[in-house]
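Presented below is the structure to which this report refers.
Taken together, the values in this text are just the output of simple stated rules run on the coordinates, not laboratory data. Note that the structure is predicted; figures quoted are calculated from it, not measured. Using ideal geometry, Cβ is built from the backbone for each residue, glycine included, and neighbour counts are taken over all protein chains shown.
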Amino acid sequence: MMNVLGVGAHYDDLELGCSGSLIKHVRRGDKVMMLVATDSGYRDPKGSLIRDCKIAVKEGKKAAEIIGAALKCLNYKTFHLSFNEELTKEISALIRKHKIDIIYSHWVHDLHRDHKNLANCTLMAGRHVPRFLMYRSNFYNTEENFRGNFYVDITDVMDKKIKVIKAHKSELERVRYDWLNFFIKQNENDGRIIGGKVKYAECFEIVRYLSSQDRKK
């Protein structure tokens, strides 16, 4: 059994980027924790409410229940995550307490500063965790290319991943289901890269990945 930590800045990041892999961990009997750093609510520059944090929390809890994962939120404000010692220490404490074996984190070169800063904090906090994979949860380009070099076959859980994403009904309606449609196609394309009978896959960039044989030594 493994202790798994998925780290996301907002409710729906983990669901989009790696929930298929998290579902597979749960099916194997691993303990999965989803850590969400912000309350995920925010307003536009004029002060109009775009995403209600109470609704975001409710939808996030529903998604975690479908996955079968524990859920913890640090309740930072959206757009205010920084690469600092306070946040790093909170993640470090969680890693030590739950004896984490593998981390799924935002890609460190993500355009969204909440994603990027949280990824840096997680890299620092999880520097001794033997397995560390980075995922993407949006489609914005940056000056760096996502070097996807690790694939997980999620064909058998794709239907459940779609249900997990659909738990975030308010966000999907706001973006006219663009996120859902994009990631279905993305996972399908990543499955084609693997070939064979892999219809859907999630792609990650490896920070490090200690093999099962190495872990037994």
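Taking amide H as placed 1.01 Å from N in the peptide plane, residue 201 has its amide H under 5 Å from the amide H of 154, 188, 190, 191, each at least 5 places away in sequence or on another chain. As a length-normalised measure over Cα pairs under 8 Å and 6 or more apart, the relative contact order of segment 3-216 settles at 24 percent.
Across the cross-link table entries 58/99; 61/116; 24/62, which are compared at the Cα atoms, the separations over 26 Å belong to 58/99. Mean separation of Cα pairs under 8 Å and 6 or more residues apart, divided by the residue count, gives segment 122-217 a relative contact order of 46 percent. This model, with +1 at the C-beta of Lys and Arg and -1 at the C-beta of Asp and Glu, gives the chain a dipole about its Cα centre of some 640 debye. For the charge dipole of the chain, defined by +1 on Lys and Arg C-beta atoms and -1 on Asp and Glu C-beta atoms about the Cα centroid, which residue among 139, 98, 201 has the Cα displaced farthest towards the positive pole? Of 139, 98, 201, it is 98. The charge dipole of segment 1-92, taken about its Cα centre with unit charges on the Cβ of Lys, Arg, Asp and Glu (plus for the first two, minus for the last two), comes to roughly 260 debye.
Can you grab the distance from the C-alpha centre of segment 152-217 to the C-alpha centre of segment 5-23, Å, no decimals? What the calculation gives is 10 Å, centre to centre. Here the contact order of segment 29-145, divided by its residue count and restricted to Cα pairs under 8 Å and six or more residues apart, works out to 24 percent.
Applied to segment 148-154, the Karplus parametrisation 6.51 cos²θ - 1.76 cosθ + 1.60 on θ = phi - 60° returns per-residue 3J(HN,Hα) values of x, 9, 8, 10, 10, 6, 10 Hz, with x for Gly and Pro. A simple count of charges around residue 9, restricted to other residues whose Cβ falls under 14 Å of its Cβ and scoring Lys, Arg +1 and Asp, Glu -1, yields -2. Rounded to two decimals, the Cα radius of gyration of the chain over 2.2 N^0.38 Å is 0.96.
Evaluating 6.51 cos²θ - 1.76 cosθ + 1.60 at θ = phi - 60° for every residue in segment 85-96, the Karplus couplings come out as 6, 4, 5, 4, 5, 5, 5, 4, 4, 5, 4, 5 Hz, glycine and proline recorded as x. With a cut-off of at most 15 other beta carbons within 10 Å, and DSSP calling the residue loop, which chymotrypsin sites (Phe, Trp or Tyr not before Pro) in segment 152-195 qualify? Please list them. Sites meeting the loop and neighbour criteria: 177. Sequentially through segment 25-33, phi angles give Karplus couplings (6.51, -1.76, 1.60; θ = phi - 60°) of 4, 4, 4, 7, x, 6, 8, 10, 10 Hz, Gly and Pro residues having no value and appearing as x.
Close amide-amide hydrogen proximity is noted between residue 37 and 8, 9, 10, 74, each under 5 Å apart and 5 or more residues distant or on a separate chain (H modeled in the peptide plane; Pro and chain starts excluded). With contributions of -39500 (n - 2.57) from each DSSP H run of at least four residues, the per-residue ellipticity at 222 nm computed over the chain stands at -13000 deg cm²/dmol.
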